[in-house]
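The values are calculated or read from the model by the stated rules, or taken from the named source; none is laboratory data. Since this is a predicted model, take the numbers as computed values, not measurements. Don't worry about glycine lacking a Cβ; one is built from the backbone with ideal geometry, like all the others, and counts go over all protein chains shown.
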Amino acid sequence: MASTRAFITGGNTGIGFESAKVLCQKGYDVTIGCRDDTRAANAVRAIKEGQPDAKIESVRLDLADLSSVAECYKTLSKQNKLDFDVLLNNAGVMACPKMTTKDGFEYQLGTNHLGHFALTNLLLPHLKEANKPVRIINVSSKGHQFGKMDFDDLFRDKPGAYGPLEAYGQSKRANILFTYELARRLEAEKQTQITVNTLHPGVITTELGRHITGGRWYMNWLIKAASYIFWFKTPAQGAETQLYLATSPDVANVTGKYFDNCKEVKSDGPTYDKEIAKKLWEVSEELVMPKIKALL
Ligand SMILES: NC(=O)c1ccc[n+]([C@@H]2O[C@H](COP(=O)([O-])OP(=O)(O)OC[C@H]3O[C@@H](n4cnc5c(N)ncnc54)[C@H](OP(=O)(O)O)[C@@H]3O)[C@@H](O)[C@H]2O)c1
């Protein structure tokens, strides 16, 4: 019998790593897409140490570089591994200083949204062709509430326009808009076997705050103290909602929804604006698809 395959972006640490571990325990054949070969190898080794029979491997994927997204796709294609049952778009960066991806996109929107948009659109034809149930999960954040889409200055290039947290919020809003628009497009194509959902995983002690702490000992200490006071989730607890969306029979036919604590909840009002979602899709398509197709 063919194994159940999952692809997890950024599965080498944080909630992506926890998700990889649990999916291996459940017998999935897991591929993690990681930008750092050493960190990827360490993650694969750590999972195999705990589960010698785990089917886990890594492929290089830097979402902040479209040529790397194209290379990742080509590698998966050569391995005949494009028909995933679960695509967990989990990787993310938060609150970086103003910087750009290899392709000149604002770094957080470029990594968190545009890289995943490109990867998903490359895989989609194969997921459709597979003609089986597929679950796409886009990890967003409650932080989407403090970012808005500014199509006149998407990369916040105007003087004084860039705020690290606001740009993170915009990228996480984009994850939700992308999810809702993709669900509508799949529905219009009668692709009822492919579902796509999004979520807030909670506030979790992971490495996501690295740009805020800057590696400073007192900032690390402060975050640790806050994690006890405010009951931050552990990575294992933080992975629960995406694992629920990836595996639970309860959500096998649910699509185009936003979840928190394994429950469907409402996202911020304007995320339901179909015109904004359509525009984001079109802008994203124009930014990434011609370039990535030329790289294949
Ligand atoms: N932690 C929270 O409280 C929280 C709250 C809400 C939402 N989230 C969301 O949860 C998701 C996972 O975050 P986390 O908390 O587990 O953070 P994390 O521990 O920092 O893990 C993030 C993962 O993304 C990878 N990544 C970053 N940039 C990448 C790139 N350009 N290409 C490929 N992979 C890249 C990282 O790789 P490296 O190890 O190489 O850096 C790492 O594997 C993110 O989407 C985040 O926005 C987290």
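Looking only at residues of segment 56-81 that are of a type outside the set (S, T, N, Q) and more than 13 Å from the ligand (Cβ to nearest atom), we find that the one that is modelled with the lowest pLDDT is 81.
Within segment 25-39, if we keep just the residues that are more than 8 Å from the ligand (Cβ to nearest atom) and outside any strand (DSSP E or B), the residue that is nearest to residue 6 (Cα to Cα) turns out to be 28.
Considering only residues in segment 258-296 that are of a type in the set (A, V, I, L, M, F, W, C) and surrounded by fewer than 12 Cβ atoms within 10 Å (Cβ to Cβ), the one that is nearest to the chain's Cα centre (by Cα) turns out to be 296.
Residues in segment 1-21 that are within 14 Å of the ligand (Cβ to nearest atom) and either part of a strand (DSSP E or B) or not polar (S, T, N, Q) (or both): 7, 8, 9, 10, 11, 14, 15, 16, 17, 18, 20, 21.
The set of residues in segment 146-189 being closer than 20 Å to residue 97 by Cα and assigned to a helix (DSSP H, G or I) consists of 146, 164, 165, 166, 167, 168, 169, 170, 171, 172, 173, 174.
Taken over segment 259-271, the criterion of being more than 14 Å from residue 136 (Cβ to Cβ) and not acidic (Asp, Glu) is satisfied by 261, 262, 263, 265, 266, 267, 269, 270, 271. Here the condition is being under 22 Å from residue 140 (Cβ atoms) and of a type outside the set (A, V, I, L, M, F, W, C); of 112, 42, it holds for 112 alone.
Out of the residues in segment 57-85 meeting the condition of being outside any helix (DSSP H, G or I) and of a type in the set (Asp, Glu), tell me which one is surrounded by the fewest Cβ atoms within 10 Å (Cβ to Cβ). Out of the qualifying residues, it is 57. Residue 118 fulfils the conditions (1) under 26 Å from residue 203 (Cα atoms); (2) assigned to a helix (DSSP H, G or I); (3) touching a residue at least 60 places away in the same chain (Cβ under 8 Å) except for a single criterion, (1). Cβ-Cβ contacts under 6 Å between residues 6 or more apart (or on different chains), taken from a first residue in segment 31-44 that is more than 9 Å from residue 61 (Cβ to Cβ) and crowded, with 16+ Cβ neighbours inside 10 Å to a second residue that is modelled with pLDDT of 95 or more and aliphatic (A, V, I, L, M), are listed as 31/59; 44/56. For segment 97-111, a residue qualifies if it is touching an Asp or Glu at 6+ places or on another chain (Cβ under 9 Å) and either under 30 Å from residue 129 (Cβ atoms) or in a loop (DSSP other than H, G, I, E, B) (or both), and the qualifying residues are 98, 99, 101, 102, 103, 110, 111. Note on segment 200-296: enclosed helices (runs of 4 or more DSSP H) holding 3 or more residues that are of a type outside the set (A, V, I, L, M, F, W, C) and at pLDDT below 95 are 210-213, 217-229. When residue 14 is tested against the conditions (1) closer than 23 Å to residue 83 by Cβ; (2) touching a Ser or Thr at 6+ places or on another chain (Cβ under 7 Å), the lone failure is (1).
Within segment 183-211, residues that are over 16 Å from residue 13 (Cα atoms) reach partners that are surrounded by fewer than 19 Cβ atoms within 10 Å (Cβ to Cβ) and among the acidic types (Asp, Glu) with beta carbons closer than 7 Å, at six or more positions or on different chains, in the pairs 199/260; 200/260.
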